[in-house]
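This report refers to the structure that appears directly beneath it.
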Amino acid sequence: MRTLEYELREENERLAEVNLSAEEELRKMRDNVAELQMFASSLTTRLYELVQEHLDLQKPYSPNVLLAKLKEEYTKLDDQSEEAAAKFMDKDGPVAAADCEEFVRQYKDLRAKYHSSEARCTLAEAAYKNGTLAGVPMSMDR
């Protein structure tokens, strides 16, 4: 029985010496892990900053913003053409042929631009709604 106790004590002492001899290496490893965790944390923070910056840069080019700009463009053209027509109609007295030709040219130009812009907007809206708008992720701004 005494030899068993002696053997157990010897084994415990040996294990204690092994553990104590590895203590310095374990401390170095813990310090290294702490440094790596801090580095990983700083990289994660930088990643979140870059993702936010990317999202902020992407906002002005989202489909909804671009469609709103197209609508604004064709609405402005419609208003300009209507304003030109009203201005022409408000003239008193006879209108010179040159003025009439200039009005027709200007009005036709504005209306052509309006219809072109309105058609592009309509096509882009339809493509966005059915998911075929090229180059635009379907999860944006829906």
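The values are calculated or read from the model by the stated rules, or taken from the named source; none is laboratory data. Source: prediction; values computed, not measured. All Cβ positions, glycine included, derive from the backbone under ideal geometry; neighbour counts span all protein chains shown. The protein model used for the area step is the full one, side chains on, heavy atoms only, and it has no ligands, DNA or RNA in it. Shrake-Rupley method; radii C 1.70, N 1.55, O 1.52, S 1.80 Å.
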inquiry  = Residues that are over 30 Å from Ala126 (Cβ atoms), among the polar types (S, T, N, Q) and more than 23 Å from the chain's Cα centre (by Cα): does the stretch 13-31 have at least one?
reply    = yes
query = Val33 is checked against (1) open to solvent by 70 Å² or more (accessible area, probe 1.4 Å); (2) outside any helix (DSSP H, G or I) and fails just one. What number does that condition carry?
reply = (2)
key: Yes/no for Leu66 being hydrophobic (A, V, I, L, M, F, W, C), out of contact with any Lys or Arg (no Cβ under 8 Å at 6 or more places or on another chain) and open to solvent by less than 90 Å² (accessible area, probe 1.4 Å)   = yes
inquiry  = Which count do you get for residues in the stretch 89-142 that are modelled with pLDDT of 85 or more, in a loop (DSSP other than H, G, I, E, B) and either among the polar types (S, T, N, Q) or open to solvent by less than 90 Å² (accessible area, probe 1.4 Å) (or both)?
reply    = 1
